[in-house]
Every structure is written in structure tokens, then in C-alpha cells.
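**Q** One structure is given below, represented as C-alpha cells, and several questions about it will come after.
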Amino acid sequence: MRPMKVLLQPIGEGDWQLLARLAIRLPHLLPFVECQVSPKTVSLPPGAVTPRRQWLANVLLAHLSVPQGFDRIVGITNVDLVVPPFNFVFGVAEISGQRAVVSTARLVDRKDEVTELRALKEILHELGHTLGLSHCPNPTCVAAFSNTLADTDRKGPKFCLKCYQQLLVSWQQQCSDETK
């Protein structure tokens, strides 16, 4: 099975140091992943901001394209995201697709390590969706739904055994389909 190549793509202003740390940590939690940070930022799409000064997450998602040589792209932004009818979202992904977006706007803590861990959890969560994973009922699994920051803090940065096995099977199947 070949590695899944993930590109972290800054959207708007990017915290390059945070992205570099996330790219290093991600493969430790998903060993079949290789991760890089895009050297260029993508601008925020015009017309995607709401009157509440939130950005439409699905518009940002559609604004991303997976570059050649990569399997997944995760847009990282510091603007607040929304998917109506929700009040906000930490991120969004194409289920069984290739694109995801995560916002750090509501994840920031005075301690950089907390912000980094929260962002890492949300990236892993959204990558799980791109591999077809639905929300896990186990509140400590990174695939559990986060409705609040407390939910994000409560869950760990790892997938439970059941979810991890589903991720592996999904990625192996995609690799197998490529060789047919």
C-alpha cells in the first residue's frame, strides 16, 4: 500500500510555523500519510463572506483543487467558517472525496500547544471523512462530532480501533482500484 499524500494548503493569512508543526505530527497519528505544506497561499474567494463576517465553508472547499502528485488537500484558514443552518463549523470535507477545509479561528488558545493539538484533531477528523468515515459514537475518538470546543478538547488525537481499521480498508481499496 502506497502512502496517502496530503497537502496542507493555507487559505488567506497562514500561520506557517503551525502548519509546519502539523505536517510533521500528522504522519505520527496516521502512519500511512505523508504530509507537506504548500509554499503558496490561496486567497479567500470573493463573495464567500456572510453578513455575520463568517465564511461559507463549502465555497472555500470548492475553491481548492488537489495538485498533481497529491491524494488529498486540506485547506487551513484562520477565518470563521459556517455551513448553514449551523452557527459555525470547525471544518468540512467531501465525504469519500479529496478535499477538506479546517478553520483555526475558534481553536486558538493562549497556549500554542493547545491550539496545535486542536487543529491536528480537526484535520484528522476531516481526513477521516475524505476516506468515507462517518462520525463515531465514541466521544474520545477523533472521528467523534465536535459541536463545541469542549467536545474537541475531550476527544483524543487518535482514531478508535474500529475507525482506524475502516480508514485502512478504505485507503487500501483506493490503492487497489488505482492498479486495476
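The values are calculated or read from the model by the stated rules, or taken from the named source; none is laboratory data. Small disclaimer: the values here were computed from a predicted structure and weren't measured. Every residue, glycine as well, gets a Cβ built from its backbone with ideal geometry; the counts of neighbours run over all protein chains shown.
**Q** Got a number for residues in the stretch 131-167 being assigned to a helix (DSSP H, G or I) and in contact with a Lys or Arg (Cβ under 6 Å, 6 or more places away or on another chain)?
**A** 1
**Q** Could you please find all residues in the stretch 29-80 being touching a Leu at 6+ places or on another chain (Cβ under 6 Å), without any contact (Cβ under 8 Å) to a residue 60 or more places away in the chain and outside any strand (DSSP E or B)?
**A** The answer is Ser38, Ala48, Ala57.
**Q** Could you tell me which numbered condition Arg118 fails, if it satisfies all but one of (1) more than 24 Å from Glu34 (Cβ to Cβ); (2) of a type in the set (Lys, Arg); (3) buried (at least 21 other Cβ atoms within 10 Å of the Cβ)?
**A** Every listed condition holds for Arg118 apart from (1).
**Q** Which one of these is polar (S, T, N, Q) and over 17 Å from Ile73 (Cα atoms): Thr179, Thr130?
**A** Unique residue meeting the criteria: Thr179.
**Q** In addition: Here's a check for you: in the stretch 14-42, which residue that is more than 15 Å from the chain's Cα centre (by Cα), more than 18 Å from Leu64 (Cα to Cα) and surrounded by 13 or more Cβ atoms within 10 Å (Cβ to Cβ) is modelled with the lowest pLDDT?
**A** Looking at the filtered set, the residue picked out is Asp15.
**Q** Go through the stretch 98-129 and report how many residues are part of a helix (DSSP H, G or I) and farther than 21 Å from Phe88 by Cβ.
**A** 2
**Q** Being within 20 Å of Ala23 (Cα to Cα), touching a Gly at 6+ places or on another chain (Cβ under 7 Å) and hydroxyl-bearing (Ser, Thr, Tyr) narrows it down to one of Thr104, Thr115, Thr152, Thr130, so name that one.
**A** So the residue among Thr104, Thr115, Thr152, Thr130 that is within 20 Å of Ala23 (Cα to Cα), touching a Gly at 6+ places or on another chain (Cβ under 7 Å) and hydroxyl-bearing (Ser, Thr, Tyr) is Thr130.
**Q** Please enumerate the residues belonging to the stretch 43-58 that are surrounded by fewer than 16 Cβ atoms within 10 Å (Cβ to Cβ) and β-branched (Val, Ile, Thr).
**A** Passing the criteria: only Thr50.
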